[in-house]
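Enquirer: One structure follows; several queries about it will come next.
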Amino acid sequence: MRPTLRPIVIACAIVAHAAVAMAQKPGAPSPATPAAAPPPGPAVELPTPPADFSYSSDGRRDPFVGLLNRGEQPKGTAVKRVDGVGGLQTAELAVRGIVQSRGTWAAMVKGPDGKVYTLRAGDHLLDGTVNTVTAQFVAVLQEVKDPLSLEKQREVRKYLRGGEEVK
């Protein structure tokens with residue numbers, strides 16, 4: 001035998017009816033009306049930190065840095081870029097050609113400004129270093145800026161025929 005839910009349903013209906021009746025009484029405060037603000041009390045002064053105060057993280061994450069947009073630059077803080085190959089980021093590169101000169105490979109890459117640059121192994125980019133250049137791809141050892149990531153570098157391969165592979 002199963003107990004019926006009828007007494008519970010009736011009790012809920014009675015409580016709901018009573019709440020509606022109380023809200024419709026004349027002179028009763030409507031639920032949409034906000035409560036009056038408490039009177040202002042005395043102002044509380046916060047202590048100021050000493051002038052020689054410094055925070056030591058000791059490997060812990062900063063509790064004041066948001067977790068949602070980690071790894072991105074905060075708005076209003078622009079990174080100053082240098083001209084040429086040193087100002088290019090790995091994600092902005094598009095391999096347009098690979099040539100061999102004097103036994104070494106060199107890659108012709110197109111930057112975000114539309115200019116074509118020549119990359120060789122050992123060239124420094126804004127976020128990494130060109131590791132190797134082969135006939136099929138350019139491998140960049142990219143620095144990971146995520147403070148919660150265990151790996152600090154990763155290899156990104158930009159292929160001549162298009163595409164990218166992250167290892």
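Enquirer: Looking at this model, which pairs from LYS115/LYS167; LYS110/LYS158; LYS145/LYS167 are more than 19 angstrom apart at the alpha-carbon?
Expert: Table pairs above 19 Å Cα-Cα are LYS115/LYS167.
Enquirer: Moving on to the next point. Between ALA91 and LEU67, how high is the FRET efficiency from 1/(1 + (r/R0)^6) when r is the Cβ-Cβ distance and R₀ = 30 Å? Nearest 0.05.
Expert: The computed FRET efficiency comes out at 0.85.
Enquirer: By average Cβ neighbour count within 10 Å, what is the ranking of 141-153, 108-120 from highest down?
Expert: Packing order, densest peptide first, comes out as 108-120, 141-153.
Enquirer: Mind ordering 61-67, 43-49, 94-100 by average Cβ neighbours within 10 Å, highest first?
Expert: Final packing ranking: 94-100, 61-67, 43-49.
None of the figures in this text is laboratory data; all of them are computed from the coordinates on show. Keep in mind it's a predicted model, so treat the numbers as computed, not measured. Positions of Cβ are generated from backbone atoms using ideal geometry, with glycine treated the same way; all protein chains shown enter the neighbour counts.
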